[in-house]
Protein chains: 2
Amino acid sequence: MPKTRQQKQNSLYLSPVITIVIISILSPLSLASQPSKFRRAPRFVGKLSHLTEPPQRQQQQQYRYETRYFEQRLDHFSFADLPTFSQRYLINTDHWVGPNRLGPIFLYCGNEGDIEWFAVNSGFVWDIAPRFGAMLVFPEHRYYGESMPYGSTEVAYQNATTLSYLTAEQALADFAVFITNLKQNLSAEASPVVLFGGSYGGMLAAWMRLKYPHIAIGALASSAPILQFEDIVPPETFYNIVSSDFKRESASCFNTIKESWGELVSVGQKENGLLELTKTFHLCRELNSTEDLADWLESAYSYLAMVDYPYPSDFMMPLPGYPIREVCKKIDNAPDATSILERIFEGVSVYYNYTGDVDCFQLDDDPHGLDGWNWQACTEMVMPMSSSRDKSMFPAYDYNYSSFKEECWNDFNVIPRPRWITTEFGGHDIKSVLKLFGSNIIFSNGLLDPWSGGSVLQNLSETIVALVTEEGAHHLDLRPSTNEDPDWLKKQRETEIKLIEDWIDNYYRGKKATFNM
Amino acid sequence: MPKTRQQKQNSLYLSPVITIVIISILSPLSLASQPSKFRRAPRFVGKLSHLTEPPQRQQQQQYRYETRYFEQRLDHFSFADLPTFSQRYLINTDHWVGPNRLGPIFLYCGNEGDIEWFAVNSGFVWDIAPRFGAMLVFPEHRYYGESMPYGSTEVAYQNATTLSYLTAEQALADFAVFITNLKQNLSAEASPVVLFGGSYGGMLAAWMRLKYPHIAIGALASSAPILQFEDIVPPETFYNIVSSDFKRESASCFNTIKESWGELVSVGQKENGLLELTKTFHLCRELNSTEDLADWLESAYSYLAMVDYPYPSDFMMPLPGYPIREVCKKIDNAPDATSILERIFEGVSVYYNYTGDVDCFQLDDDPHGLDGWNWQACTEMVMPMSSSRDKSMFPAYDYNYSSFKEECWNDFNVIPRPRWITTEFGGHDIKSVLKLFGSNIIFSNGLLDPWSGGSVLQNLSETIVALVTEEGAHHLDLRPSTNEDPDWLKKQRETEIKLIEDWIDNYYRGKKATFNM
């Protein structure tokens, strides 16, 4: 059944999350009385083909692994008679010193996408495996990539019933059962397991160390916003950080972007305004609403903040080093006569068209696509997001749980459980809870990353530590080492290696085993 | 459909768990070639009316509480559209100093039975509540008492599908959701929660502290055999301890019991043998098989070992202090002409008929009753049990997982997951796992208790400690203080109180709050 306009207006916004609710001094229209729109938490890595498709052959060749499958229960926490499913995992044992020498096992906690993509984008674990004599395993997260219950994506994603086992707790139990079984098959029960993960995968790594200390001796949780729930951090945090990333490059860039939303609405409401915007932004198809365009722009800014890496990268898009700086240069340095929206177009072209190959731009034309992360955001991963009136360059927005809930019901026939994650995994008052509980977790964060605001930024105890880099962005430390790595990044990775060595040495001492490589 | 004889022979044995597979020098028959029988883990507290029925008015009056109900999800770990159910809890706030003074909340983790029965049998927490200014709450375990999914026991226990959410993980999540909600309703978010539990409830308390450190600051896990799984402790442990409890009272008592099994079979196989046994044991109805009688006897011995308390008690049955001593006196001191089986009858009469009111005995005539603990034993709580040839006074038996599995399938249409508990909660190598992880758990055990062999008997760290009493039995410390308490028991309870005070003081120091009663 096609959605009515009214439904559409109240509908979900996908990757870009902020909708046009603008109070702008430039805009002749006060939209303050417009009802607040619903928004989900921004995605960690965007709905790009990278996530759902295997990496290119070139990338695969760089890292060799075997692909295997493991049969998993659909519900670990009940005895309901459900079909099992096949979980994919990638494995590399080239450097493993084997079970007799208690060779470590490095387990990357697969997150919301094709595991091959995460594997080839986690160069750090590949880089350090030889030094540790470690095996690498990358179990895929259920309901992503090839690890699909019910035999196919179509059936798995059919409705709330088939999707209902897509939860973080089930994914953690998958990892626990998988690694226990793998170790037994290899007679490697005594080999220590170290967890790695970035972003949502980092949350899984941290939670897994806390919930399954008998399975893994420690976890490197990179850019893991485990505090981005309920009322633990202010809901403005994420967009404030994105905005300050732009402001630190240029106040005028920040201001231009802040002004652009009103301009966008203003132009869009003119006769033939949508057509004008279509032309200004070189869109392939005529724009349906200014919201779609705003989503596309907001998405670019948020991702730019995540991948504001100090050297050129190709994580989500091919980009220059410090890409926000380049975006702001384009916005600021355009000829004087350039309009606000033309400046914006020049700016985001750095993100969407750095290579210059794109003739026209396709906006995400399926913002209602029911993918896995949307389901997770509508069930457990309820991360309240607002946009402040002053500190944010985005349109002001106050988080509204009621409309969020309503939209989730419309989209998935499911009622979110916004307090469940903190009930199951904690988060409130984390410093006093973990001061005398748990050990061996590294929370690494770069402060340019908007997700850093929901992560752990100070040491919680002697062995649950925070590594914070001012110039780092979204799980930069997990990327492969390059010749362009700044010293602070090299130092961060050295500290991580040292800590992991300590965990393993400590474990071996406990086992009274000697570790001679 | 009535079971055939063959089926019956291979069937489950309920409360008493050991079947007659005897190699006895006294028995003329070698039964060694008889196929091994299946057995489940012994029950913690027997299938007595106490467990499924509310306590008597007299007991209730001793402890005043309000009965309330809380709506729970049936499956916390999926979003399947299942009916909710009403969880019962008992609450007493008489001594609570309230939220402003961060009054502690003592939560007893309900186990496999009616919560009122556990509440009135956990005098320790009632005794200490005033001293701590603590609130008491006793949430009931799902699928027991009044906390029945699907509205009724009949439906909840109908089949494997309706029973499938009867798991320990779901029960822990019930407690977590319940207490989070209760605290919020009372504006008592900052009040520290301390967990208590005995037996299976003790396992839940320990696991809850490990899995939900943000919910509770510590746990007193009394007689909690969290290591009675897989291959962690030898499967002979339980029956060896029962046997040594008898041996320490009297070697001849031990020997008489050990010999009695062969005698039982021998008599039973005679013409009119079952009738003779029926008379010897004063049974109300004619015996169908010697196995039924053996089950009844074994059950008595196992429970006697659990409740071998130093003073008279009425926990499962009215009993004298050190009841095993009394049983053995009867067995040993009968006139010379008394037969082995007559001695046995005199002995177990101490257990089954201490008051002398019973005219004839009803054996459990529904050993296939599908109750909650049987389901749990056939799914997660797979505790391998053997009976050794030399150290045990019970018939020799080697644990056989295949037949166990087969019987669970026959009874419940369910396949056990014998490795799940250790995957989810750990257990192997617990000392090195928890040496640097977790805090604030007391594992208390009395060494007379056969479950102590599967529990934690040494300190794992500075704050995860074992309190072991040589003369204690099954969660004796949780019982109310009495005038007959021996000094070692008083001392044990004082230590427990001191440790709990430390946890709370530490928590308050962290909160920079002052606790002035």
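The values are calculated or read from the model by the stated rules, or taken from the named source; none is laboratory data. A quick note: this is a predicted structure, and the numbers were derived from the prediction, not measured. Glycine also receives a Cβ, built like all others from the backbone with ideal geometry; neighbour counts cover every protein chain displayed.
What the table shows:
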| quantity | calculated |
| --- | --- |
| Segment A:215-225 - residue that is touching a Ser or Thr at 6+ places or on another chain (Cβ under 8 Å) and in a loop (DSSP other than H, G, I, E, B) and, of those, farthest from the other protein chains (Cβ to nearest Cβ) | A:S223 |
| Hits in segment B:123-174 - residues which are of a type in the set (V, I, T) and away from chain A (no Cβ under 14 Å) | B:V125, B:I128, B:V137, B:T153, B:V155 |
| Condition met for A:I430 (hydrophobic (A, V, I, L, M, F, W, C) and more than 8 Å from chain B (Cβ to nearest Cβ)) | no |
| Among residues of segment B:484-507, those that are part of a helix (DSSP H, G or I) and either away from every other protein chain (no Cβ under 14 Å) or farther than 18 Å from B:L195 by Cβ (or both), counted | 14 |
| Residue match in segment B:229-250 (condition: out of contact with any Phe, Trp or Tyr (no Cβ under 8 Å at 6 or more places or on another chain), more than 10 Å from every other protein chain (Cβ to nearest Cβ), under 24 Å from B:G510 (Cβ atoms) and hydroxyl-bearing (S, T, Y)) | no |
| Qualifying residue in segment A:43-59 (condition: in a strand (DSSP E or B), at pLDDT 50 or above, away from chain B (no Cβ under 14 Å) and more than 23 Å from the chain's Cα centre (by Cα)) | no |
| Segment B:435-460, subset among the small types (G, A, S) and part of a helix (DSSP H, G or I), residue nearest to the other protein chains (Cβ to nearest Cβ) | B:G454 |
| So B:Y200, is it within 11 Å of another protein chain (Cβ to nearest Cβ) and buried (at least 23 other Cβ atoms within 10 Å of the Cβ) | no |
| Residue in segment A:231-244 that is within 30 Å of A:N333 (Cβ to Cβ) and in contact with a Cys (Cβ under 6 Å, 6 or more places away or on another chain) present | no |
| Residue list for segment B:461-482, filter: over 27 Å from B:Y301 (Cα atoms) and surrounded by fewer than 21 Cβ atoms within 10 Å (Cβ to Cβ) | B:S461, B:E462, B:T463, B:V465 |
| Residue within segment B:463-474 that is out of contact with any Asp or Glu (no Cβ under 6 Å at 6 or more places or on another chain), within 14 Å of another protein chain (Cβ to nearest Cβ) and of a type outside the set (A, V, I, L, M) present | yes |
| Checking A:Y89 against (1) part of a loop (DSSP other than H, G, I, E, B); (2) of a type outside the set (A, V, I, L, M); (3) crowded, with 24+ Cβ neighbours inside 10 Å; (4) at pLDDT 95 or above, the condition it does not meet | (1) |
| Residues being at pLDDT below 95 and of a type in the set (G, A, S) - total across segment B:412-437 | 1 |
| Count - residues of segment B:379-405 that are closer than 22 Å to B:P225 by Cβ and either of a type in the set (K, R) or surrounded by fewer than 15 Cβ atoms within 10 Å (Cβ to Cβ) (or both) | 4 |
| Helices (runs of 4 or more DSSP H) wholly inside segment A:150-204 that include at least 3 residues being in contact (Cβ under 8 Å) with a residue 60 or more places away in the chain | A:168-185 |
| All positions within segment A:95-125 that are over 27 Å from A:S187 (Cβ atoms), among the small types (G, A, S) and either more than 15 Å from the chain's Cα centre (by Cα) or not in a loop (DSSP other than H, G, I, E, B) (or both) | A:G123 |
| Residue in segment B:508-517 that is surrounded by the most Cβ atoms within 10 Å (Cβ to Cβ), counting only those that are in contact (Cβ under 8 Å) with a residue 12 or more places away in the chain and away from every other protein chain (no Cβ under 14 Å) | B:F515 |
| Residues (in contact with a helix residue (DSSP H, G or I) (Cβ under 8 Å, 6 or more places away or on another chain) and either among the small types (G, A, S) or surrounded by fewer than 24 Cβ atoms within 10 Å (Cβ to Cβ) (or both)) located in segment B:173-187 | B:A173, B:A176, B:V177, B:T180 |
| In segment A:406-448, residue surrounded by the most Cβ atoms within 10 Å (Cβ to Cβ) [restricted to those that are acidic (D, E) and touching a Leu at 6+ places or on another chain (Cβ under 8 Å)] | A:E407 |
| Enumeration of residues in segment B:63-78 that are more than 14 Å from every other protein chain (Cβ to nearest Cβ) and either in a loop (DSSP other than H, G, I, E, B) or of a type in the set (G, A, S) (or both) | B:Y63, B:R64, B:Y65 |
| Residue list for segment A:403-434, filter: in contact (Cβ under 8 Å) with a residue 12 or more places away in the chain, in a helix (DSSP H, G or I) and under 28 Å from A:L210 (Cα atoms) | A:W420, A:I421, A:T422, A:E424, A:F425, A:I430, A:K431, A:L434 |
| Among the residues listed as A:E140, A:E112, A:E146, the single one being surrounded by fewer than 23 Cβ atoms within 10 Å (Cβ to Cβ) and over 20 Å from A:E496 (Cα atoms) | A:E146 |
